[in-house]
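S.K.: There's a structure below that I have some questions on.
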Amino acid sequence: MSQEINRIRELEDEIISLRRRINELETDKNLPSGARAEQPVDVTPIDQADVTLRRLVQRIAMILQAEKILIMFHDREMGDLKGIPPSFGVEDEKLSAFKVRATHGVSGKVFRDGEPIIYHDIESEAEAKEEAYGLLSVQNGVCVPLVIEKRDEENRVIDKSTIGVLHAFNKRHGEDFNEEDVRLLERMARNVGSIIANLQMYREVVEEKEELAQTFESLTSGLVLISPEERILQINATARAVFNAPQDALGKDVSIVINDEKVVKAIQNALSSGDSGKVETHVILGNSERIYEIQFATVSGQDGKGIGVVAILSDVTEVRNIDRMKSSFVAMASHELRTPLTAIKGFSSTLLEGLDVDMYSKEDQREFLGIVVGECDRLRRLIDDLLNTSRIEAGESLKPNYTHVDIRTLLDKVQKVQQQATTKHTVKLEVANELPDSIVGDEDKLDQILTNLLNNAIKYAPNGGDVTIHAKREGNELVIGVKDQGLGIPKDHLGKVFEKFHRVNNEDNRKIYGTGLGLFLVKHLVEGVHMGKIWCESEVGVGSDFIFRIPTDLDIEEAKAMTD
Ligand code: ADP
């Protein structure tokens with residue numbers, strides 16, 4: 001008990017000395033501003049700001065002899081004033097009940113007008129009804145704005161903003177708040193405001209920093225920041241994966257963290273010379289090999305002093321693949337163009353030379369001219385493929401001409417034509433069930449799809465074997481496939497063979513010429529023109545089956561709308 005009495009005495013002493021101090025400050029007011037004892041509130045060290053604020057609120061309660069102290073902060077986004085901790089005499093759970101629009105209630109009025117309000121009887125305050133005062137059994141109170149002031153070196157206020165309000169409720173011992181209490185509270189509100197503003201700013205900076213760190217970490221490009229002392233300052237997840245770096249790489253030497261000598265050398269060079277540069281590196285990520293381009297640039301601080309080197313890692317695997325495919329396409333296309341031209345030139349010059357001396361019989365001449373015409377067709381097909389590819393690329397569709405197609409007759413025709421082109425293979429047609437008399441589609445393009453698949457089946461089965469066209473009706477769909485007993489396609493190429501320029505580049509395939517455009521066009525003809533689906537099932541050394549599924553009753557209007 002005596003302990004408590006002692007504590008009360010201590011507090012009373014503290015109150016007396018604080019009041020004295022405040023009075024001194026009040027009298028100081030008449031001095032020129034620079035000489036005034038009251039200085040702008042110091043920036044509270046941030047780790048102590050919470051504690052300082054709580055103490056300050058307790059102290060305010062003591063000085064004003066108020067039962068309760070409540071801070072209401074202005075939420076700019078929502079336009080509300082709401083109770084925030086710390087408070088005095090108000091349980092934290094109740095704080096959320098204190099929330100008014102910044103245009104309402106006693107709090108709103110004080111916030112808006114920037115003038116304090118003192119009320120001696122809650123019943124006479126109309127605005128009080130809009131607030132949750134009932135929860136705190138408020139009888140009387142003072143409310144002052146929480147103002148933060150920015151001052152220049154001469155202590156002149158250059159900017160002022162209101163961030164909320166401060167309430168003191170229920171003067172103790174049945175007394176009433178007076179004008180002096182208002183002045184005191186206004187004075188202390190400045191300190192409260194300043195601490196809250198600092199805390200707010202600190203929280204915003206921390207949040208921003210966290211957001212930045214998150215963004216940095218989750219970037220798809222890799223990023224590494226290296227200090228002039230060759231230590232890792234920052235490294236994000238992608239860069240850690242590429243260099244197989246440990247989680248705790250920060251602060252470590254680059255040569256320990258980065259397992260690629262070429263990259264380490266480039267970093268050291270960038271650090272010593274200040275030059276930017278780039279290197280390329282091949283890494284295994286997961287199961288696949290990726291190519292990363294690493295660019296280096298020196299980073300300078302605001303004062304222009306070098307603070308290190310930043311390395312940016314970009315995955316250029318696809319770009320390099322396309323580069324590679326393009327150059328192999330150019331080689332292939334030149335070959336594909338030259339082959340028919342050589343034949344055309346050879347046979348026509350032979351005919352020309354023999355013309356005067358009747359060297360060749362009619363039969364021979366027919367055969368030679370037949371070859372020339374065939375090679376011209378081959379050339380035209382190649383040029384058409386190139387033109388169609390660039391049309392599809394440009395977003396245009398290959399103008400369809402829909403009619404009723406007798407599919408059975410078409411299948412018979414392509415089987416016969418292809419059988420004539422090969423002696424090594426047996427081209428068969430297997431129809432599982434009765435096909436519809438006709439389907440809606442573009443006959444030329446269906447012919448092109450089948451011819452292309454059959455050409456491939458023959459081409460990629462250099463040792464011969466069966467080539468089977470199989471067809472069946474499934475509800476209102478037609479499923480057609482071309483199956484061979486050829487080289488087959490490795491699993492990792494299965495989805496890609498439909499991409500333009502994509503060719504399987506292994507020992508067996510390399511000897512077989514092609515442009516890599518055929519299946520790209522076939523896919524467009526099946527999916528873009530006939531609203532179907534195409535896929536491939538294959539096993540290396542066993543053979544491949546290219547299967548497509550198209551509707552028997554294609555909705556022409558819908559298909560036209562899609563291809564327009
Ligand atoms: P091209 O035959 O001109 O190279 P395609 O687009 O028709 O171009 O085919 C792309 C690639 O798919 C071919 O290079 C080949 O590697 C593979 N391919 C296509 N059809 C078959 C098949 N029936 N058997 C094995 N591989 C095939």
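The values are calculated or read from the model by the stated rules, or taken from the named source; none is laboratory data. Keep in mind it's a predicted model, so treat the numbers as computed, not measured. Positions of Cβ are backbone-derived with ideal geometry, glycine not excepted, and every protein chain shown enters the neighbour counts. SASA here: full protein model, heavy atoms, side chains in, ligands and nucleic acids out. Shrake-Rupley method; radii C 1.70, N 1.55, O 1.52, S 1.80 Å.
S.K.: Would you kindly identify the strands (runs of 3 or more DSSP E) lying entirely within segment 238-335 that contain at least 3 residues that are more than 30 Å from K496 (Cβ to Cβ)?
M.R.: Values: elements: 277-285, 288-300, 306-315.
Fully inside segment 238-335 and qualifying: 288-300, 306-315.
S.K.: Would segment 428-437 turn up any residue that is open to solvent by 10 Å² or more (accessible area, probe 1.4 Å), out of contact with any Asp or Glu (no Cβ under 8 Å at 6 or more places or on another chain), within 16 Å of the ligand (Cβ to nearest atom) and at negative phi? Steps first, please.
M.R.: Going through segment 428-437, the residues open to solvent by 10 Å² or more (accessible area, probe 1.4 Å) turn out to be 428-437.
Next cut, out of contact with any Asp or Glu (no Cβ under 8 Å at 6 or more places or on another chain) only: 430-436.
Subset that is within 16 Å of the ligand (Cβ to nearest atom): none.
No, that holds for no residue.
S.K.: With respect to V467, is the statement that it is free of Cβ contacts under 8 Å to residues at least 60 places away in the same chain and open to solvent by less than 10 Å² (accessible area, probe 1.4 Å) true?
M.R.: On the way: free of Cβ contacts under 8 Å to residues at least 60 places away in the same chain: yes; open to solvent by less than 10 Å² (accessible area, probe 1.4 Å): yes.
Here the answer is yes, as V467 does meet what is asked.
S.K.: Same structure again: Being more than 9 Å from the ligand (Cβ to nearest atom) and under 25 Å from N401 (Cβ atoms) is the requirement here; does D466 meet it?
M.R.: Numbers: more than 9 Å from the ligand (Cβ to nearest atom): yes; under 25 Å from N401 (Cβ atoms): no.
Spelling it out, it is not the case that D466 is more than 9 Å from the ligand (Cβ to nearest atom) and under 25 Å from N401 (Cβ atoms).
S.K.: Could you check how many residues of segment 521-564 are surrounded by fewer than 21 Cβ atoms within 10 Å (Cβ to Cβ) and within 16 Å of the ligand (Cβ to nearest atom)?
M.R.: Qualifying residue count for the region: 11.
S.K.: Could you grab the pairs with beta carbons closer than 9 Å, sequence gap of 6+ or different chains, first residue in segment 75-97 and more than 15 Å from Q58 (Cα to Cα), second one open to solvent by 20 Å² or more (accessible area, probe 1.4 Å) and part of a loop (DSSP other than H, G, I, E, B)?
M.R.: Going by the 9 Å Cβ cut-off, the qualifying pairs are G79/T103; L81/H104; K82/S96; G83/S96; G83/A97.
S.K.: Right, next: Please find, among V182, V142, V106, V192, the residue that is under 17 Å from Q65 (Cβ atoms), β-branched (V, I, T) and part of a helix (DSSP H, G or I). So that I can check it myself, show each step before the final result.
M.R.: Working: V142 fails: part of a helix (DSSP H, G or I); V106 fails: under 17 Å from Q65 (Cβ atoms); V192 fails: under 17 Å from Q65 (Cβ atoms).
It is V182.
S.K.: Report whether or not E127 is part of a helix (DSSP H, G or I), in contact with a helix residue (DSSP H, G or I) (Cβ under 8 Å, 6 or more places away or on another chain) and surrounded by 13 or more Cβ atoms within 10 Å (Cβ to Cβ). Outline the logic, then answer.
M.R.: Values: part of a helix (DSSP H, G or I): yes; in contact with a helix residue (DSSP H, G or I) (Cβ under 8 Å, 6 or more places away or on another chain): yes; surrounded by 13 or more Cβ atoms within 10 Å (Cβ to Cβ): yes.
So E127 passes the test.
S.K.: Restricting to segment 484-520, name every residue that is part of a helix (DSSP H, G or I), near the ligand (Cβ under 8 Å from one of its atoms) and within 28 Å of P400 (Cβ to Cβ). Walk me through it before giving the result.
M.R.: Filtering segment 484-520 for residues part of a helix (DSSP H, G or I) gives 491-493, 496-498, 507-510, 518-520.
Among the residues that remain, those that are also near the ligand (Cβ under 8 Å from one of its atoms) are: 493, 497-498, 509, 518-520.
Of everything in segment 484-520, those that are part of a helix (DSSP H, G or I), near the ligand (Cβ under 8 Å from one of its atoms) and within 28 Å of P400 (Cβ to Cβ) turn out to be V497, F498, G518, L519, F520.
S.K.: If V526 passes every condition in (1) in a loop (DSSP other than H, G, I, E, B); (2) in contact (Cβ under 8 Å) with a residue 60 or more places away in the chain but one, which one does it miss?
M.R.: (1)
S.K.: Within segment 256-274, work out how many residues are among the charged types (D, E, K, R) and in contact (Cβ under 8 Å) with a residue 12 or more places away in the chain.
M.R.: Final tally of qualifying residues: 2.
S.K.: Of the residues I439, I458, which is closer than 21 Å to L525 by Cα and touching a Leu at 6+ places or on another chain (Cβ under 8 Å)? Working first, answer last.
M.R.: Numbers: I458 fails: touching a Leu at 6+ places or on another chain (Cβ under 8 Å).
Matching residue, one of I439, I458: I439.
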